[in-house]
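Worksheet for the structure shown next.
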Amino acid sequence: MYWIQFLISAVFIVLAGIRLTDYADKLSEQSNIGKAWIGIILLGLVTSLPEAIVSLTSVISLKANNMAIGNLLGSNNFNPMLIVVMDIFYRKGSITNDIGTNKSHDISGSFAIILTLVVVGEILLGMHGFIFRVASLSYGSILIAVLYFAGMRSLSSIDSGRSQYSEKDPIKAQDCTISAFKIWINLVLSAVVVVVAAMWLAQSADVIADKTGLGRTFVGSIFLAIVTSLPEMVVSLSALRLGSFDMAIGNIFGSNMTNLFVVPICDIFYKGAILSSVNSVHILTASVSIILVVIACLGIKIKHKRTVLGLGWDSILMLLIFTIGNIFLYRMR
């Protein structure tokens, strides 16, 4: 029964994700907001709702701090891998060759790396008994929140309306007959579906962790991370179909930033410093995430890459790092 609940939740998250990306793209066209900005802010926030709700449910209702953090960091591993998935479906050479150089990607990618480093530092300090708190928040959580808003401020200060690389938009005229009100209503309704499905998902995942003996850390880092990253996958593939590369990359990096912002929110509801209390295996997950984002950023910067079996060297390297990281994660569970 719990597997059925898990799968049904996943289906609802995917269906809602499809609607989210379609209406977000309509909003971008109608309001003349850049696709990179839509990807980082709007889609980054909304597609991170499953991670946020699952992690908060894990902390508040299930008292499963390892599952909560594993879900967030595991999702941040899967998100950059969506570039590899896009590369597989692109069929025109390495997709990162054709992704425009956009300052917003540099900023969001850099902040995703910095935020992850803060998480690693907090876990390491906790392992050695150094725990610093202000009220219900640790110093690390406060720093994450400050850096997140600093990153959003930096992104809002640049002109992300157009990529520095001239990206051709195959969508000549989106359906402008749809009112902004209807677009926002559909976005909100889709988000509500994601939230409800994510809560249901967390409950079934906790049972799976117990019944299978895999443990909350592994289930959070793999099973939950895969499912809660499904909206990002739907957005990325839909954006690829629409030719909106900036939206896809913005969504991937923006989701990684937003996922880490969920950490201090979880810390508020956790009795103690949440990062100082989790399993050290999360350092591995976080480290893999950092490496994947670095490779993704370099891949976007370096053009004219040759392909092997239709994939760029960056995609192949990311696939290798991701596979090795998860093999070690399974052995350390």
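The values are calculated or read from the model by the stated rules, or taken from the named source; none is laboratory data. Given the structure is predicted, the values throughout are model-derived calculations rather than measurements. Ideal geometry is used to build each Cβ from the backbone, glycine not excepted, and the neighbour counts take in all protein chains shown.
Could you grab me the full set of residues in region 86-116 that are under 15 Å from ILE295 (Cβ atoms) and in a helix (DSSP H, G or I)? Across region 86-116, the qualifying residues are MET86, ASP87, ILE95, THR96, ASN97, HIS105, ASP106, GLY109, SER110, ALA112, ILE113, THR116. Pairing residues of region 1-29 that are at pLDDT 75 or above with residues that are surrounded by fewer than 20 Cβ atoms within 10 Å (Cβ to Cβ) and acidic (Asp, Glu), at Cβ distances under 9 Å and at least 6 apart in sequence or on separate chains, gives LYS26/ASP175.
Could you tell me which residue of region 143-167 is surrounded by the most Cβ atoms within 10 Å (Cβ to Cβ), considering only residues that are modelled with pLDDT of 85 or more and out of contact with any helix residue (DSSP H, G or I) (no Cβ under 7 Å at 6 or more places or on another chain)? Before you say what the answer is, go through the steps one by one.
Keep residues of region 143-167 that are modelled with pLDDT of 85 or more, which gives 143-154.
Applying the additional criterion that residues be out of contact with any helix residue (DSSP H, G or I) (no Cβ under 7 Å at 6 or more places or on another chain) yields 146, 149-150, 152-153.
Numbers: VAL146: 12, PHE149: 11, ALA150: 12, MET152: 21, ARG153: 9.
The qualifying residue surrounded by the most Cβ atoms within 10 Å (Cβ to Cβ) is MET152.
Checked against (1) assigned to a helix (DSSP H, G or I); (2) at pLDDT below 90, GLY272 passes all but condition (1). In this structure, ALA52 qualifies as at pLDDT 85 or above, part of a helix (DSSP H, G or I), surrounded by fewer than 24 Cβ atoms within 10 Å (Cβ to Cβ) and under 16 Å from the mean Cα position of the chain (by Cα).
As a summary of the residue check, LEU45 satisfies the conditions (1) surrounded by 24 or more Cβ atoms within 10 Å (Cβ to Cβ); (2) within 22 Å of VAL193 (Cβ to Cβ); (3) in contact with a Gly (Cβ under 9 Å, 6 or more places away or on another chain) except for the one numbered (1). ALA68 meets all of the listed conditions (1) surrounded by 19 or more Cβ atoms within 10 Å (Cβ to Cβ); (2) at pLDDT below 80; (3) of a type in the set (A, V, I, L, M) but one, namely (2). Checking VAL294 against (1) at pLDDT 95 or above; (2) crowded, with 20+ Cβ neighbours inside 10 Å, only one condition comes out false. Which one? All conditions pass for VAL294, except number (2). Only residues that are within 18 Å of ALA191 (Cβ to Cβ), of a type outside the set (Asp, Glu) and within 10 Å of the chain's Cα centre (by Cα) were counted in region 224-240, giving 5.
Regarding ILE316, is this residue of a type outside the set (Lys, Arg), without any contact (Cβ under 8 Å) to a residue 60 or more places away in the chain and over 14 Å from ILE88 (Cα atoms)? Judged against the criteria, ILE316 is not a match.
Could you say which residue among VAL278, VAL234 is touching a residue at least 12 places away in the same chain (Cβ under 8 Å) and touching a Ser or Thr at 6+ places or on another chain (Cβ under 7 Å)? Talk me through it step by step, then tell me what you get.
Details: VAL278 fails: touching a Ser or Thr at 6+ places or on another chain (Cβ under 7 Å).
Sole residue among the options that is touching a residue at least 12 places away in the same chain (Cβ under 8 Å) and touching a Ser or Thr at 6+ places or on another chain (Cβ under 7 Å): VAL234.
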